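Accompanying notes for the structure given below.
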Amino acid sequence: EKTAVYRENMDELLDYITKWVHEIKIPLSVCELILEHAADKQWPSAGEMKVELARTRFLVNQVLHAGRAMDYSRNLSIREFSIKELVLGAVKRSGIFFREKNIEIHTSNLGYSVVNDEKWAAYILDQILHNAGKYTGQNGSVTIHAEKQPESVKLLIKDNGVGIGRQDQRRIFDKGFTGENGRRRTKSTGMGLYYAKKMADRLGIGIDVSSKQNEYTEFVLTFYKLSDYFERDKNV
């Protein structure tokens, strides 16, 4: 009985979060339209406001996905999708953050298809690209390319930003962990990569990171064969 009550309460909370997110998106869209007109009139602060609104929209979507992660299997959709389309969509969504710092994006060898949940894969990639934009300096660069392996496809995302200290690398996926970069350079919740890793583990997507301070950070997403996913699912 207690479990049923708890489940009902969680469902109500998730329903509220979902409705709140969709409601808050309406005034955000209105603000963006107002800023479009302001930009046409060459209002000096319009560009800065656009960036802050984009950050707000990103954080709102984080809340929505955090709620969905509690019951991710309800709307799970495993199907084949294009790595190229996945990357182009994520780059477009993060584009304003890259343009803000004049960060160049280089993509190559993305002509592969994989099988998994495309929406959750997009969420995971969004978190990685958002961090790349946050911790890469002015006029930096981000390279994204894929590699075909016998049993998988690897997607590699590398930036030439501040890097991650060795002591922080093993903890970046921990709940609420912000690390030295998060504390010194930006305000960070430490939840984005936590949920990215949580969902990657649930969906059988490998997620690894390597970094050298003041040189680079590279994330690698590994998409395995469909048969491997279902075999894993049976053993969970």
The residue that is nearest to Gly204 (Cα to Cα), considering only those in the stretch 55-86 that are aliphatic (A, V, I, L, M) and assigned to a helix (DSSP H, G or I), is Ala69
Among Ser113, Ser141, Ser108, the single one that is hydroxyl-bearing (Ser, Thr, Tyr) and either open to solvent by less than 40 Å² (accessible area, probe 1.4 Å) or without any contact (Cβ under 8 Å) to a residue 12 or more places away in the chain (or both) is Ser141
Reported set for the stretch 94-129 where residues are among the charged types (D, E, K, R) and either more than 15 Å from Ile157 (Cβ to Cβ) or in contact with a helix residue (DSSP H, G or I) (Cβ under 6 Å, 6 or more places away or on another chain) (or both) is Arg99, Glu100, Lys101, Asp117, Glu118, Lys119, Asp126
| Quick check, is Gln127 under 25 Å from Glu215 (Cβ atoms), touching a residue at least 12 places away in the same chain (Cβ under 8 Å) and assigned to a loop (DSSP other than H, G, I, E, B)? | no
Residue set Arg57, Arg79, Arg74, Arg93; condition surrounded by fewer than 12 Cβ atoms within 10 Å (Cβ to Cβ) and farther than 30 Å from Glu8 by Cβ; output residue Arg79
Over the stretch 92-121, the set of residues closer than 14 Å to Ala146 by Cα and not in a strand (DSSP E or B) is Asn109, Leu110, Gly111, Tyr112
Only one of (1) within 14 Å of Ile205 (Cα to Cα); (2) within 15 Å of the chain's Cα centre (by Cα) does not apply to Gly89, and that is (1)
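Rundown of residues vs (1) in a strand (DSSP E or B); (2) farther than 24 Å from Glu100 by Cβ, yes/no style:
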| position | (1), (2) |
| --- | --- |
| Asn139 | no, no |
| Thr143 | yes, no |
| Lys154 | yes, yes |
| Gln167 | no, yes |
| Ile172 | no, no |
| Gly176 | no, yes |
Within the stretch 144-163, residues farther than 12 Å from Leu221 by Cα, modelled with pLDDT of 95 or more and open to solvent by 60 Å² or more (accessible area, probe 1.4 Å) come out as Asn160
(1) surrounded by 14 or more Cβ atoms within 10 Å (Cβ to Cβ); (2) at pLDDT below 85; (3) not hydroxyl-bearing (Ser, Thr, Tyr); (4) not in a helix (DSSP H, G or I) all hold for Pro44 apart from (1)
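The values are calculated or read from the model by the stated rules, or taken from the named source; none is laboratory data. It should be emphasised that the depicted structure is a prediction, and the values quoted were computed from it without experimental measurement. We place every Cβ from the backbone using ideal geometry, glycine too, and count neighbours over all the protein chains shown. Quick note on the areas: whole protein, heavy atoms, side chains included, nothing else; ligands and nucleic acids left out. Shrake-Rupley method; radii C 1.70, N 1.55, O 1.52, S 1.80 Å.
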